[in-house]
Amino acid sequence: MATEVRQVTRHQPPDWFTECYTQSTNAERQRSASHQVRQESRFLRNETDIQTKWDQYSNDVRLADRVDHIRKWKETLERTLGQLDQEIADLSEAKEETENALERMNLPTDVAIECLTLREGRKGIDVVQDEPENQLHKEVEVIDGIKKSLQQRISDSFEQLCLLQEARQQVQADLQDKNIALGIDIDQYNLSDRSANISYKPDALRVPKGSTTPQQWEDFSRYNKERAEAEMKSSNRLREQIHHTLQQTANDLEAQKQATEYAFRKRIHEFERAKDELEWQKKNTEGEIAELENDIRGIEEAIRNKIRPTKKAETRLENRTYRPNVELCRDAPQYGLVDEVKQLYASKHALEEKLKQSQHALDGLQKTLHRLNDDIALKANSLRLDNQCMGIRERLNPAPQTKIEKNLNLTGIERMKSSILA
C-alpha cells in the first residue's frame, strides 16, 4: 500500500528569514517600548513623590506663617483692648469729676444767643460743633452759668463711652475669633501623615459660605484697631475739653469775646479755603468728566469695530466645517481662525469690561460733582452766616474809654475793685 503524504503549506526560505527578522524586530521594539514606559513611570513616581512632599512642606510653612500672623494680630488686639479699658476708666473718672463740678457765672450777653440762633441756619455736614460754636456756648455759660456746659460735657462723655464700649465689644469679639482660629490652625500645623484623626472628607475642595480674602481678613482687624484708636483719640480730646472747661470758670466776658471772635475769624478763613478748594475740585472734576465721556465714546466705537471681524472669522470657521471626508482637517488655518475668534471674544470682553468701568467711573464723577455743588452751596451759606455773626458782634465793641478809665485799667485798680465786689 502506497504511503499517502499529507498536504502541508510550504514556505519559501525568504519568507522564513523575513518571519524571523520580523519576530526579532517586534521583540526589540516591544522591549524598547516597555523600557520607555518603565523609565517614564519611575520619573513620574519620583516627580509626584517630590511634588507631594514639597506641597506638604509649602503648606506647613504657610500654616506657620499664618499662625504667626494671627498671633501678631492677637497681641495687637489684646494691647488695644487693654488701652480701651484704661481709656474707658479714665473717661468715666473725668465724667464723674464733671458731674461734681457745677459752678455758675452770671454775665448777660444777648449777642451770643443771637449768633447761636443764626448759626442754626447751617445745613448738612456744616452742622458741626466747631470752635466758634464752643466759644459761643461758653458765652452762654457766662450768662446761664457753667452748669449747661458741664451737662453737655457729661452727655458727650456718655456718648463717647457708648462708642468706646461698642469699639471694645468689636475688638473683644475679633480677639475671641482670633483665639479660635489660632487654635484650629495650630492643630492643622501639627497634623502629619501618621496622625490618627485624618481621613477623606466629602467635598474637601468646597469654598465655605462666608469665606473672606486675606485682605478682607486683615482689613477687618485693622478697621477694629483703627476705630478703637480713633475712639480713644476722640475720648482723649473729650477729656482734655472737660478738664479745660473745668478751668475756665474765671474767664471774664471780654476775654471770652476775644476768643469767640478769633474762633470766628479762623473758621471764616477755613470756610473760605474749603470753598476755594471745592471750587477747584469742581473745575477739575468737570474736565475729567468731559475727557472720560470722550474715552467712553472711543471704547464704544472700538467695540463696534470688532463686530465685522468677528463675523468674518466665525463665517470662515463655519464654512470650513463643510469640507468633505478627510478634508475636514484641523490644519493651521483652522487653529489660526479659532485663535482669532478667541482673541476677538477676549478683546470685546475686555473692551466691554473697560466700558463698564468707565461708565461706573463717570457715574461716580457725576455724583461727586453733584456733591461738590451741594457742599459749595453749604459752605457759601455757612460763610454768609458767620460773616453776619461778625457783623452782629460789632455791637459788643465797648465805647471809647476816658483817660481816667484807662489809667484805672492800666494800674489794675479797676480789676482789684471788681475782684473785691465779686
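Among residues of region 316-332 that are without any contact (Cβ under 8 Å) to a residue 24 or more places away in the chain, those with a beta-carbon under 6 Å from a residue that is part of a helix (DSSP H, G or I) and not polar (S, T, N, Q) at least six positions away or on a different chain give the pairs Arg316/Leu337. For region 180-197, indicate whether the set of residues that are out of contact with any strand residue (DSSP E or B) (no Cβ under 9 Å at 6 or more places or on another chain), among the acidic types (Asp, Glu) and outside any helix (DSSP H, G or I) is non-empty. Yes: region 180-197 contains one or more residues that are out of contact with any strand residue (DSSP E or B) (no Cβ under 9 Å at 6 or more places or on another chain), among the acidic types (Asp, Glu) and outside any helix (DSSP H, G or I).
If the condition is being farther than 19 Å from Leu238 by Cα, of a type in the set (D, E, K, R), open to solvent by less than 30 Å² (accessible area, probe 1.4 Å) and part of a helix (DSSP H, G or I), then region 111-148 contributes Arg119, Asp126, Glu139.
When Lys209, Lys225, Lys201 are checked against the criterion of being touching a Ser or Thr at 6+ places or on another chain (Cβ under 9 Å) and either open to solvent by less than 60 Å² (accessible area, probe 1.4 Å) or farther than 30 Å from Ala94 by Cα (or both), Lys225 stands alone in meeting it. Candidates in region 370-415 are the residues that are over 26 Å from Thr260 (Cβ atoms) and over 58 Å from the mean Cα position of the chain (by Cα); of these, the one that is modelled with the lowest pLDDT is Ile413. Evaluate region 215-236: report whether one residue or more is among the hydrophobic types (A, V, I, L, M, F, W, C), in contact with a Leu (Cβ under 8 Å, 6 or more places away or on another chain) and not in a loop (DSSP other than H, G, I, E, B). Checked region 215-236: at least one residue is among the hydrophobic types (A, V, I, L, M, F, W, C), in contact with a Leu (Cβ under 8 Å, 6 or more places away or on another chain) and not in a loop (DSSP other than H, G, I, E, B).
With respect to Gln176, is the statement that it is part of a helix (DSSP H, G or I), open to solvent by 80 Å² or more (accessible area, probe 1.4 Å) and modelled with pLDDT under 90 true? When the stated conditions are applied, Gln176 does not pass them. Scanning region 302-331 for residues that are open to solvent by less than 80 Å² (accessible area, probe 1.4 Å) and assigned to a helix (DSSP H, G or I) returns Ala302, Ile303, Ile307, Pro309, Thr310, Ala313, Glu314, Thr315, Leu317, Arg320.
Going by the conditions given, is Ile296 farther than 30 Å from Arg384 by Cβ and either open to solvent by 70 Å² or more (accessible area, probe 1.4 Å) or in a helix (DSSP H, G or I) (or both)? For Ile296, the condition - farther than 30 Å from Arg384 by Cβ and either open to solvent by 70 Å² or more (accessible area, probe 1.4 Å) or in a helix (DSSP H, G or I) (or both) - is met. If you check Ala377 against the conditions, is it free of Cβ contacts under 8 Å to residues at least 12 places away in the same chain and either part of a helix (DSSP H, G or I) or aromatic (Phe, Trp, Tyr) (or both)? Taking the combined requirement at face value, the residue satisfies it.
Table: residues versus (1) open to solvent by less than 70 Å² (accessible area, probe 1.4 Å); (2) touching a residue at least 40 places away in the same chain (Cβ under 8 Å); (3) in contact with a helix residue (DSSP H, G or I) (Cβ under 9 Å, 6 or more places away or on another chain).
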residue	(1), (2), (3)
Arg31	no, no, no
Arg71	no, yes, yes
Leu81	yes, yes, yes
Leu91	yes, yes, yes
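The values are calculated or read from the model by the stated rules, or taken from the named source; none is laboratory data. Computed from a predicted model, the values in this text were never measured in an experiment. When we count neighbours, we look across all protein chains shown, and the Cβ atoms used for this are built from the backbone with ideal geometry, even at glycine. What goes into the accessible areas is simple: the full protein's heavy atoms, side chains included, and nothing from ligands, DNA or RNA. Shrake-Rupley method; radii C 1.70, N 1.55, O 1.52, S 1.80 Å.
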